[in-house]
Structure formats: structure tokens, C-alpha cells
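The values are calculated or read from the model by the stated rules, or taken from the named source; none is laboratory data. Predicted model only: the values in this text are computed from it and were never measured. For neighbour counting, all protein chains shown are included, and Cβ atoms are generated from backbone atoms with ideal geometry for every residue, glycine included.
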Amino acid sequence: MDDKGNSEMIIPSGMSWKEFHEIIEENHKRERALVEQIIEQESNKMKGTIVRINEVKAFGFIHAKGEQSDYFFHKDDFIGHWQDLVKDFKSYNKIRVEFESRENPKGPRAANVSRLDFPNQSV
């Protein structure tokens, strides 16, 4: 790097500038595609409120506004500490979550469920 902050590109021996540039461009395209894929996944997430939890059988249901059916989720679909979620649900009865919708023969299912609020913590 020179005194102006510019870095010098070192081209591997036996490779032309054009070949090197093509490889760099291809890597940039892949990176952009990954970023777009991540943004698309994030935009597909739904928001809802947990309306029921069965602590013994370790599952619950999420109601998403505008949806006719509630979304089933198992504790393995929840990202976080299940017991903290159950405790907060018992105390506050409203836990907002974000999740991905999955089709299931028995009805809609939620995956990758994560909390949007933590009622027992001050912000």
C-alpha cells in the first residue's frame, strides 16, 4: 500500500491482466448474488404473535395478522431458550416473533422463529 492508501494488485505469475480481471469480476458477481439471496430470505420472513404454547409437548402457535390459520411451531423451530419463551409467555401472554412460513400437510408451519421483543428486559 502506498502513502495515499492505494493498494497494488499483484497478478499471479502466468496469468494475464485480463484473466485476473475476469476472475475478480466473477467473484464480485457471486458476492452480489449471495447478498441478494440473503435480502430475499429476510424479506420472506413473516411477523406474528404467539397465541398458544403447550409447555409439556413443547410446541406452540403463532397468529400472523391477515392470515386465516395460525402457524404451528415446535420448540426445535424456535431460535433461543425455550424455557425463557415459555416463562415470558405465561407472564405476558403476548410475544411478538418473526418466522419463515413452511407448507405442511397438517397446515401452515413456522420455521426459524425468533423473538422481536423481550418483555422482561428493559430497553
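Could you look through region 99-123, keep only residues that are part of a loop (DSSP other than H, G, I, E, B) and in contact with a helix residue (DSSP H, G or I) (Cβ under 6 Å, 6 or more places away or on another chain), and pick out the one that is modelled with the highest pLDDT? Walk me through how you get there before you give the answer.
Start the filter on region 99-123 by keeping residues that are part of a loop (DSSP other than H, G, I, E, B), which leaves 103-108, 116-123.
Then drop every residue that is not in contact with a helix residue (DSSP H, G or I) (Cβ under 6 Å, 6 or more places away or on another chain), which leaves 119-120.
On the way: PRO119: 59, ASN120: 53.
Per the criteria, the residue is PRO119.
If you check every pair at least six apart or on different chains, which have Cβ atoms under 7 Å apart with a residue in region 1-25 that is at pLDDT below 85 first and a residue that is exposed (fewer than 10 other Cβ atoms within 10 Å of the Cβ) and part of a helix (DSSP H, G or I) second?
Within 7 Å, the pairs are ILE11/TRP17.
Restricting the search to region 70-109, which residues are within 18 Å of the chain's Cα centre (by Cα) and either within 12 Å of THR49 (Cβ to Cβ) or of a type in the set (Asp, Glu) (or both)?
Once the filter is applied, which keeps residues that are within 18 Å of the chain's Cα centre (by Cα) and either within 12 Å of THR49 (Cβ to Cβ) or of a type in the set (Asp, Glu) (or both), region 70-109 yields TYR71, ASP76, ASP77, ILE95, ARG96, VAL97, GLU98, PHE99, GLU100, GLU103.
Counting only residues that are of a type in the set (D, E, K, R) and farther than 20 Å from GLU103 by Cβ, which one in region 43-64 is surrounded by the most Cβ atoms within 10 Å (Cβ to Cβ)? If you could, list the steps in order and put the result at the bottom.
Taking region 43-64 and keeping what is of a type in the set (D, E, K, R), we get 45, 47, 52, 55, 57.
Pick out the ones that are also farther than 20 Å from GLU103 by Cβ and you get 52, 55, 57.
Numbers: ARG52: 13, GLU55: 15, LYS57: 9.
Applying the filter and picking the extreme gives GLU55.
Are there any pairs, at least 6 apart or on different chains, whose C-beta atoms fall under 6 Å, with the first in region 32-52 and in a helix (DSSP H, G or I) and the second modelled with pLDDT of 70 or more and of a type in the set (Ser, Thr, Tyr), and if so, which?
So the pair list comes out empty.
Of everything in region 70-98, what is of a type outside the set (A, V, I, L, M), in contact with a Ser or Thr (Cβ under 9 Å, 6 or more places away or on another chain), within 15 Å of PHE59 (Cα to Cα) and modelled with pLDDT under 95? Give them in sequence order. Don't jump to the end; show me each part of the working.
At the first step, the residues of region 70-98 found to be of a type outside the set (A, V, I, L, M) are 70-78, 80-84, 87-94, 96, 98.
Subset that is in contact with a Ser or Thr (Cβ under 9 Å, 6 or more places away or on another chain): 71, 78, 80, 94, 96, 98.
Next cut, within 15 Å of PHE59 (Cα to Cα) only: 71, 78, 80.
Residue satisfying the conditions is GLY80 alone.
Just give me the residues in region 76-98 being touching a helix residue (DSSP H, G or I) at 6+ places or on another chain (Cβ under 8 Å) and either surrounded by fewer than 19 Cβ atoms within 10 Å (Cβ to Cβ) or part of a loop (DSSP other than H, G, I, E, B) (or both), in sequence order.
TRP82
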